[in-house]
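S.K.: This is the structure I want to talk about, given as structure tokens.
Just so you know, all these numbers are worked out from the coordinates, no wet-lab data involved. Here the structure is a predicted model, which means the values were calculated and not measured. Here the Cβ positions follow ideal geometry from the backbone for every residue, glycine too, while neighbour counts run over all protein chains shown.
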Amino acid sequence: MKRRTFIRKSSFGGFLLSTGIWPRDLHSTQSELVKLTILHTNDWHSRIEPFADDGGRNANLGGAVRRMNLIQSIREKEKDLLLLDSGDIFQGTPYFNFFKGELEFKIMSQMGYDFATIGNHDFDVGLEGLHRQLPHADFKFLSSNYDFSDTLLAESTHPHAVVRKNGVKVGLFGLGIELEGLVPKELYGDTRYLDPLSTARQTAYYLRHERKCDLVICLSHLGYRYKSSKIDDRKLAARSTNIDLILGGHTHTFMKKPEVIKNRDGKDVVINQVGWAGIMLGRLDLFLDRQNGEICFDCKNIEIRS
């Protein structure tokens, strides 16, 4: 896929990233453009209600009902849409303590989520507790580097998925952070942790070259950036190939705009993360030029408030 330098038009509310289609070309009669809208969240940690209107930093922000209404209003305008989550759905409020994840999965199902990956806190009720709540989730869990073969989740997650939206063939996969030392062993049991970088390289290659995907998305719960050698989204982008978009989680990073990093082949990878607690909704409108395979993203991180 041909790439060019990204164009950025930034503000707190949004910006334009272009990987080949310049703004003046969007109305060109020579191009046949198709559009796909991608909405995403991460680390919403059972935050059902908005933060209290108490003058604090997050006062009156977030709220599941507000997010649902915002998503619905976007759906009314955009018929081709993917709704994704990058993990840590569980843990953080008394709703989780009481309902053990049932409420969160039911709410996400009502919102129409398509795919999510698994964060470390999603093990907080153990494998048995997570498995017990999965029937309430009308969306698929993608986990490429957690090997659940010897656990009761063996048939409950998928290493990758391929969907077609408005003629765009999208490949998706999920990566999770290392559990040892972060999650008690008794909660994740016989789950085997696979190296995320080698797993990402193999999975993205399969999606791009064998499944012929136009767009490859990684739902990552690795974290945005570490000073150590620990793998993060930035290192993943730089050391991999065939990934177009990394939607991150775990570090609760509020990104005013996505970051663009060159991969091993010198091609651009977009990284985005929208903090935590459902305070923001990430939105990326993708335009694919059928004629030459070039992609343009129009990206906005939307603050959720009344």
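S.K.: Being touching a helix residue (DSSP H, G or I) at 6+ places or on another chain (Cβ under 7 Å), among the polar types (S, T, N, Q) and part of a helix (DSSP H, G or I) narrows it down to one residue among GLN133, GLN91; which is it?
M.R.: On inspection, the qualifying residue turns out to be GLN133.
S.K.: Quick one: would you say LEU187 is touching a helix residue (DSSP H, G or I) at 6+ places or on another chain (Cβ under 9 Å) and in a helix (DSSP H, G or I)?
M.R.: Judged against the criteria, LEU187 is a match.
S.K.: Restricting region 41-85 to residues that are polar (S, T, N, Q) and in contact (Cβ under 8 Å) with a residue 40 or more places away in the chain, which is farthest from ASN272 (Cα to Cα)?
M.R.: This residue is ASN60.
S.K.: Kindly evaluate THR37 against the criterion of being β-branched (Val, Ile, Thr), in contact with a strand residue (DSSP E or B) (Cβ under 9 Å, 6 or more places away or on another chain) and under 16 Å from GLY278 (Cα atoms).
M.R.: Here the answer is no, as THR37 does not meet what is asked.
S.K.: Please identify the pairs in which a residue from region 180-194 that is aromatic (Phe, Trp, Tyr) has its Cβ atom under 9 Å from the Cβ atom of a residue that is in a strand (DSSP E or B), counting only partners at least 6 apart or on another chain.
M.R.: Note: pairs meeting the criteria are TYR188/TYR146; TYR193/TYR146; TYR193/ASP147; TYR193/GLY176.
S.K.: Applying the selection to region 134-147, what residues are within 15 Å of ASP122 (Cβ to Cβ) and either surrounded by 21 or more Cβ atoms within 10 Å (Cβ to Cβ) or touching a residue at least 60 places away in the same chain (Cβ under 8 Å) (or both)?
M.R.: PHE141, LEU142, SER143, ASN145, TYR146
Condition check ((1) assigned to a loop (DSSP other than H, G, I, E, B); (2) buried (at least 23 other Cβ atoms within 10 Å of the Cβ)) across all residues:
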residue	(1), (2)
LYS257	yes, no
ILE261	no, no
GLY266	yes, no
TRP276	yes, yes
LEU288	no, yes
GLY293	yes, no
CYS296	no, yes
LYS300	no, no
